[in-house]
1. What's the carbon and sulfur percent of region 258-341's accessible surface, probe 1.4 angstrom, rounded to a whole number?
2. Using the heavy atoms of the protein chains alone and a 1.4 angstrom probe, what is the accessible area of region 109-240 per residue in square angstrom?
3. Once the piece of chain linking A88 and S76 is laid out straight, how much longer is it, given 0.36 nm per residue of separation minus the C-alpha distance between them?
4. For R216 and H154, compute 0.36 nm times the residue count separating them, minus their Cα-Cα distance, and round to one decimal in nm.
5. Place a +1 charge on the Cβ of each Lys and Arg in the chain and a -1 charge on the Cβ of each Asp and Glu, then give the dipole magnitude about the Cα centre in debye, rounded to the nearest 20.
6. Which one of V246, V273, G283 has its Cα pushed farthest toward the positive end of the charge dipole of region 224-310, where Lys and Arg give +1 and Asp and Glu give -1 at the Cβ?
7. Using a 7 Å offset from the Cα along the Cα-to-Cβ direction at both D45 and S314, what is the distance between the two label points in nm, to one decimal?
8. Roughly what would the spin-label model give for D31 and T18, points 7 Å off Cα along C-beta, in nm?
Amino acid sequence: MTTTMRPDPDGAASTVQTLSVQQALNRALADELEADPRVLVFGEDVGVLGGVFRVTDGLQARFGSVRVFDTPLAESAILGTAVGLAIAGFRPVPEVQFDGFAYPAFDQIVSQVARYRYRSRGRLPMPITLRVPSYGGIRAPELHGESTEAFWAHVAGLKVVSPAGAHDAYHLLRASIRCPDPVIFLEPKSRYWQKGPVDFGNSGGAEGARIVRPGRHVTILSWGAMVDRSLKAAEIAAEDGVEAEVVDLRWLSPIDTATIVESVGRTRRAVVVHEAARTAGLGAEVATRISERLFDTLRAPVQRVTGYDVPTPSGALEDEQIPSVHRILLGMQRVLEYRRG
């Protein structure tokens, strides 16, 4: 971990550290636990062990077993407990160990977490941030590499966010914990050990999408671990003179339609990349919003580069399921070579 000092836009000194995504999330949790006594962190093995991916490492020793505690292996109970704590005035930050483990808590998330603020006409806010290690990329067993974003984005009352790197992991988690609405925080587990600079004094804005690489020929839209692969595809395309713009959606609900339309309106071509299955994946919603607003501007139909419509495979087979850099380049080629008629 390295630390540097540099001036922020307002002229004050800000601290920049090089952290892994795992370290950035750990720091965000620690800073929120320090700042707000209402914040509670709990889940399977998050206390003594520090989490399967060590995201909560050292937090129980620092803040005590009342504020950072282990739970039984019962996801429905974890989320039910979070609902009760939120009603009592706390800011719960529960964790389910893996994406597929959220399925047993589907009833609590959809029927209670997402609805209580609406049902109570605002009297009972649900400031719950559910941390979910998500997506594939580590060749884990079945139900350990799911892409669940479309489920949650479809549920009114939930916000959904997925950081791609360490800087956003830190700032988006802190913003989520402070949000009065429930947030599903999808952490790309294959990126936990990837390092990057984190500017603690300057979030760069924690709302909406972000253009992470400017371009003029085609826009690639992605989130989570697919942002890195999209950037690599853009780098390769640049060798042939293709300037691809890469947009990290970050917030999957609500979707920052304005940034998407602004980018695609300039490049006039779009490729949406995600790990989840193609049919009814979130890419379909993104493509529809583009088509609704830019139909006469587009030079080619929006392309989707996605996982296949099969159960998420385990082990080495997931390499065939997850969009590769090569598949992203093929999607770019299709929009660039498209000719009407």
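The values are calculated or read from the model by the stated rules, or taken from the named source; none is laboratory data. All of these numbers come straight from a predicted model, not from anything done at the bench. Positions of Cβ are backbone-derived with ideal geometry, glycine not excepted, and every protein chain shown enters the neighbour counts. Note: accessible area is taken over every heavy atom of the protein model, side chains too, but ligands, DNA and RNA are not part of it. Shrake-Rupley method; radii C 1.70, N 1.55, O 1.52, S 1.80 Å.
1. Values: 2230 of 4300 Å².
Solvent-exposed carbon and sulfur of region 258-341 make up 52 percent of the total.
2. Working: 5250 Å² over 132 residues.
Accessible area per residue: 40 Å².
3. On the way: separation 12, 0.36 × 12 = 4.32 nm, distance 1.85 nm.
Taking 0.36 nm per residue and subtracting the Cα distance, the gain is 2.5 nm.
4. On the way: separation 62, 0.36 × 62 = 22.32 nm, distance 3.16 nm.
Between R216 and H154, full extension yields an extra 19.2 nm.
5. On the way: 38 positive and 40 negative charges, 168 e Å.
Here the size comes out at about 800 debye.
6. Projecting each Cα onto the dipole axis, the largest value belongs to G283.
7. Inter-label distance under the simple model: 1.5 nm.
8. Going by the 7 Å Cα→Cβ label model, 2.0 nm.
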